[in-house]
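Asker: Dropping the structure in here first, questions after.
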Amino acid sequence: MTAVKIGDRLTVASQPRQEALATLAAAGFATIINNRPDGEEPGQPSSAAEKAALEQANLAYRFIPVTAAAITEADIRSFQEAVSGAKGPVYAHCRSGTRSLTLHVL
């Protein structure tokens with residue numbers, strides 16, 4: 001998993017392995033934002049599976065699925081609200097981290 005720390009509040013990354021989700025709490029994250037639509041590629045964990053794993057680790061979860069060609073203003077606002085409303089550092093991911101970074105930049 002590749003992760004880039006944008007600042008104290010936000011890290012963007014590629015899709016974490018399902019078994020690595022629980023380690024995000026130990027790494028100091030409070031909220032995980034999943035920007036990857038379900039079914040994007042075979043073998044990808046579903047949003048429901050990710051949410052269940054993160055709830056067991058006491059992490060907040062937001063699902064804001066976007067595609068690069070169709071990011072809307074509503075998507076950007078949802079992402080901004082998720083980051084600003086988080087009770088600590090945020091880990092946002094998609095397949096490679098690019099869409100999460102794009103949402104931050106926009």
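Asker: Taking amide H atoms as placed 1.01 Å from N in the peptide plane, list the residues 5 or more away in sequence, or in a different chain, whose amide H sits under 5 Å from that of residue 61.
Answerer: Amide H neighbours of residue 61, under 5 Å, 5+ apart: 32.
Asker: Applying the Karplus parametrisation 6.51 cos²θ - 1.76 cosθ + 1.60 with θ = phi - 60° to the phi angles of the range 49-59, what ³J(HN,Hα) value in whole Hz is obtained for each residue in order, glycine and proline being reported as x?
Answerer: Calculated HN-Hα couplings, in order: 5, 5, 4, 4, 5, 6, 4, 5, 8, 6, 10 Hz.
Asker: Oh, and also: Restricting to bridges with both residues inside the chain, how much of the DSSP beta-bridge set is antiparallel, in percent to the nearest 5? Intermediate results must be reported in sequence, preceding the final value.
Answerer: Numbers: 3 of 15 bridges.
Of all bridge pairs located within the chain, approximately 20 percent are antiparallel.
Asker: Return the single residue from 62, 95, 17 with maximal mean-square fluctuation; model: Gaussian network over the chain, springs between Cα atoms under 10 Å.
Answerer: Among 62, 95, 17, the largest mean-square fluctuation in the Gaussian network model of the chain belongs to 17.
Asker: Ordered by residue, what ³J(HN,Hα) values in Hz, to whole numbers, does the range 68-81 give under the Karplus form 6.51 cos²θ - 1.76 cosθ + 1.60, where θ = phi - 60° and Gly and Pro are x?
Answerer: Rounded to whole hertz, the list is 4, 7, 9, 6, 9, 4, 4, 4, 4, 5, 4, 5, 4, 5.
Asker: A further question on this structure: Can you work out ³J(HN,Hα) from phi for every residue in the range 21-38, in order, using Karplus 6.51 cos²θ - 1.76 cosθ + 1.60 and θ = phi - 60°, giving whole Hz and x for Gly and Pro?
Answerer: 4, 5, 6, 5, 5, 5, 7, x, 7, 10, 9, 10, 10, 9, 9, 9, x, 4
Asker: With the chain treated as a Gaussian network of Cα nodes joined by springs under 10 Å, which of 60, 25, 68 yields the largest mean-square fluctuation?
Answerer: The residue with the greatest mean-square fluctuation here is 68.
Asker: Over the alpha carbons of the chain, what is the largest minus smallest coordinate on each principal axis, giving the biggest first in Å?
Answerer: Principal axes ranked by extent give 33, 32, 21 Å for the Cα atoms.
Asker: Let me ask something additional. Any idea of residue 98's accessible area? Nearest 10 Å², probe 1.4 Å.
Answerer: Near enough 90 Å² of accessible area.
Asker: So, taking all protein chains as they sit and a 1.4 Å probe, how much accessible area belongs to residue 38, in Å² rounded to tens?
Answerer: Result for residue 38: roughly 80 Å² accessible.
Asker: Taking the Cβ of residue 35 as the center, what net charge do the other residues with Cβ under 11 Å away carry, scoring Lys and Arg +1 and Asp and Glu -1? Don't jump to the answer; show the numbers that get you there.
Answerer: Details: positive: 36, 62, 95, 99; negative: 40, 75.
Net of charged neighbours comes to +2.
Asker: Here's something else I'd like to know. Considering only protein heavy atoms, with the full assembly of protein chains and a 1.4 angstrom probe, order 29, 79, 63 by accessible area, largest first.
Answerer: 63, 29, 79
The values are calculated or read from the model by the stated rules, or taken from the named source; none is laboratory data. Owing to the predicted nature of the structure, the values given are computational and were not obtained by experimental measurement. Neighbour counts are summed over all protein chains in view; Cβ atoms, including those assigned to glycine, are modelled from backbone coordinates with ideal geometry. Note: accessible area is taken over every heavy atom of the protein model, side chains too, but ligands, DNA and RNA are not part of it. Shrake-Rupley method; radii C 1.70, N 1.55, O 1.52, S 1.80 Å.
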